[in-house]
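Asker: I have a structure here, written as structure tokens, and I will follow up with some questions on it.
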Amino acid sequence: MIPIAPGISIAKGEIKETFIRASGPGGQNVNKVSTAVQLAFDVPASPSLSPSVKKRLKALAGSRISDSGVLVIHARRFRTRESNRRDALDRLTRLIREAARRPKKRFRTRPTCLSVRKRLENKKHRSIVKQRRQRLRFER
């Protein structure tokens, strides 16, 4: 079990890891050894997450989640397989932890009298400034 947040832990069987060859610098090591990790987590099939957490996770994941609801994380930052595996798991736990946090409810507020007065005074001031820029017209 992988602990995520209080009350949330994921079984290791829910996560599928695939090792692929990384791109970029690294010499022969990059061409021969599969060190990059592709981590897949099936969000809708997970019994560990509540429906509200699944919904927020889907919104947070963005393009990393497929149409079928599988969250895919690529980790290729490090040269070793174990470091990339740890990095991918850390990123997954961070994402789920963020989704588990409920957003604060927003209460509608009204502007204060002083802020309304300042806004209107500023508008009047700008209006006067722009009027003074106009060409003067003399009547005959």
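The values are calculated or read from the model by the stated rules, or taken from the named source; none is laboratory data. Being a predicted model, the structure only gives us computed values, none of them experimental. All Cβ positions, glycine included, derive from the backbone under ideal geometry; neighbour counts span all protein chains shown.
Asker: Given the condition more than 20 Å from D90 (Cβ to Cβ), among the small types (G, A, S) and touching a strand residue (DSSP E or B) at 6+ places or on another chain (Cβ under 8 Å), answer yes or no: does some residue in the stretch 44-66 qualify?
Answerer: yes
Asker: Something else now. Pairs needed: first member in the stretch 1-12, without any contact (Cβ under 8 Å) to a residue 12 or more places away in the chain; second member anywhere, assigned to a helix (DSSP H, G or I) and exposed (fewer than 14 other Cβ atoms within 10 Å of the Cβ); C-beta distance under 9 Å; at least 6 residues apart or different chains.
Answerer: Going by the 9 Å Cβ cut-off, the qualifying pairs are M1/K12.
Asker: Something else about it: Does S83 satisfy the condition of being within 30 Å of G7 (Cβ to Cβ) and surrounded by 10 or more Cβ atoms within 10 Å (Cβ to Cβ)?
Answerer: Numbers: within 30 Å of G7 (Cβ to Cβ): yes; surrounded by 10 or more Cβ atoms within 10 Å (Cβ to Cβ): yes.
Here the answer is yes, as S83 does meet what is asked.
Asker: Follow-up. Considering each of R108, R76, R102 in turn, give the residue that is of a type in the set (D, E, K, R), more than 20 Å from D42 (Cα to Cα) and crowded, with 18+ Cβ neighbours inside 10 Å.
Answerer: R76
Asker: Out of all the residues in the stretch 22-73, which are among the charged types (D, E, K, R), exposed (fewer than 13 other Cβ atoms within 10 Å of the Cβ) and either within 19 Å of P3 (Cβ to Cβ) or modelled with pLDDT under 80 (or both)?
Answerer: K32
For every residue, the table says whether it meets (1) in a loop (DSSP other than H, G, I, E, B); (2) hydrophobic (A, V, I, L, M, F, W, C).
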residue: A45; (1), (2): yes, yes
residue: L49; (1), (2): yes, yes
residue: L57; (1), (2): no, yes
residue: L60; (1), (2): no, yes
residue: R77; (1), (2): yes, no
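Asker: Taking the stretch 89-116 as the region of interest, how many residues are in a loop (DSSP other than H, G, I, E, B) and either β-branched (V, I, T) or under 20 Å from K12 (Cα atoms) (or both)? Explain how you work it out, then say what you get.
Answerer: Step one: of the stretch 89-116, the residues in a loop (DSSP other than H, G, I, E, B) are 101-112.
Retained after the next criterion (residues that are either β-branched (V, I, T) or under 20 Å from K12 (Cα atoms) (or both)): 109, 112.
Adding up the residues that qualify gives 2.
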